[in-house]
Amino acid sequence: MKALQLVKYGKIKDSLVFNEVSKPTIQATDVLIEVKAAAINPIDKSIILGNLQNMLPIPFPSTSAYDVSGIIVEKGAEVSNFEIGDLVYSRVPQEQMGTIAEYVAVTNMAVSKKPGNISFEEAASIPLAGLTALQSLEHVGIKKNDKVLIHAGSGGVGSIAIQYAKAKGAYVYTTTSTNNVKWVAALGADRVIDYKTEDYKAIVKDADIVFDTLGKNYSLEAFQVIKQGGKVVSVVGPLDEDSAKMFGMADYKLPEELAKLISGKEASYKFIFMHPNGVHLGELKSLIEDEKIKPIIDKVYPFSESIEAFTHLASGRAKGKIVIKIN
């Protein structure tokens, strides 16, 4: 079968190659998915550039990407929750990475039936971003009437997080650039802040939750806008000590400046590393079928133009998700 593979770390056009590879063989708890569509995410770009090789080392060559939608064509002997012919979607686990291919084998625990009211391309756009938003906001216990700041509302994660927070009854602030203000507002955000003309720190006061999708100074500035006892959850900021232990960093200590800010606000801080979860995808399926969440796609590329799709991802200009139609 054909697959887009990473053959070395470096520039996108030098590092990605179409190869003929063996069709995956499944284990007893796996399903084999005939891939209809795959989606790409910032983590895929970071892997190609070699930015994550200490945290997520991979062998060469490796097939790229994690998000997939398609049809189950085989299932393992211990799989009872799916049937051959089921239409499904998944964010595959790290050890099964590689969805820009004609087939992918996935543990059934990471798979859900796809929402019935959207296409394969739309379904492929959901898993990684949707799970990141759900797991981050559920970790901090989002509830009705919470005031939530979600950075980068036009991004893949931000656009779903806005919709998820509104489905939970929260009041949502979000940041975006001038060109994206109208369509981010259409996602349901209560106050869209144009970061090119407005200072979000002057607008957001006493937030219950800050969802940090930008890192760097934004991780620290979150403590200026949360209330006493507020909660900051990040997918790109510094690790917290429990997360560091998960990555084998036993001697890790929170950066001193961050520790002081947490203490000063009697706040909580958590770094979330999204984990594949078919049950959570099932929850997102229900919200999509109830039209509480809609997929936001920037562009769909044919399989043959997968490398161009990664170049577009690297530009940082996508509004929503970039999807590759496999067949």
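Each value in this text was obtained by applying a stated rule to the coordinates, not by laboratory testing. The model shown is predicted, which means the values in this text are computed figures rather than measured ones. Cβ atoms come from the backbone with ideal geometry, glycine included; neighbour counts cover every protein chain shown.
Taken over the Cα atoms of region 129-271, the convex hull encloses 98 Å³ per residue. Based on Cα contacts under 8 Å between residues 6+ apart, the chain shows a relative contact order of 20 percent. Exposed loop sites here mean trypsin sites (Lys or Arg not before Pro) with a DSSP loop assignment and at most 15 other beta-carbon atoms within 10 Å; the chain contains its longest site-free run at 12-142.
Taking a Cβ cut-off of under 10 Å around residue 169, the surrounding Lys, Arg, Asp and Glu residues balance to a net charge of +3, with basic ones at +1 and acidic ones at -1.
Over region 129-271, what is the relative contact order in whole percent, taking alpha-carbon pairs under 8 Å and six or more residues apart?
Working: 276 pairs, mean separation 29.3, N = 143.
Answer for region 129-271 is 20 percent.
Ranked by Cβ crowding within 10 angstrom, fewest neighbours first, how are 175, 107 ordered? Numbers along the way, then the final one.
Working: 175 27, 107 20.
Going from least to most buried by this count: 107, 175.
Using only alpha carbons, the chain has a radius of gyration to Kirkwood radius ratio (Rg to Rh) of 0.97. With 25 Å as the limit, the listed pairs 168/253; 216/270; 144/321; 166/245; 166/270 have 168/253; 144/321; 166/245 beyond it between alpha carbons.
Residue-wise HN-Hα couplings along region 45-51, as the Karplus relation 6.51 cos²θ - 1.76 cosθ + 1.60 with θ = phi - 60° gives them from phi, are 5, 4, 4, 4, 6, x, 6 Hz; Gly and Pro carry x.
Within 10 Å of each residue's Cβ, count the other Cβ atoms and sort 62, 80 from fewest upward.
Values: 62 13, 80 8.
Going from sparsest to densest Cβ surroundings: 80, 62.
Rounded to whole numbers, the Karplus 3J(HN,Hα) couplings from phi for region 223-238 are 6, 7, 10, 8, 6, 4, x, x, 10, 10, 10, 10, 10, 9, x, x Hz, using 6.51 cos²θ - 1.76 cosθ + 1.60 with θ = phi - 60°, and x at Gly and Pro. Applying the criteria of a DSSP loop state and at most 15 other Cβ atoms within 10 Å to the chymotrypsin sites (Phe, Trp or Tyr not before Pro) of region 255-307 yields 273.
Proximity of backbone amide H atoms, modeled 1.01 Å from N, is registered between residue 74 and 32 at under 5 Å, excluding neighbours fewer than 5 places apart on the same chain.
Estimated from helices alone, the mean residue ellipticity of the chain at 222 nm is -8000 deg cm²/dmol (sum of -39500 (n - 2.57) over DSSP H runs with n ≥ 4, per residue).
When Lys and Arg each count +1 and Asp and Glu each count -1, what net charge do the other residues less than 9 Å away from residue 40, Cβ to Cβ, add up to? Write out the running numbers ahead of the final one.
Numbers: positive: 45, 321; negative: 44, 67.
Around residue 40, the charge tally is 0.
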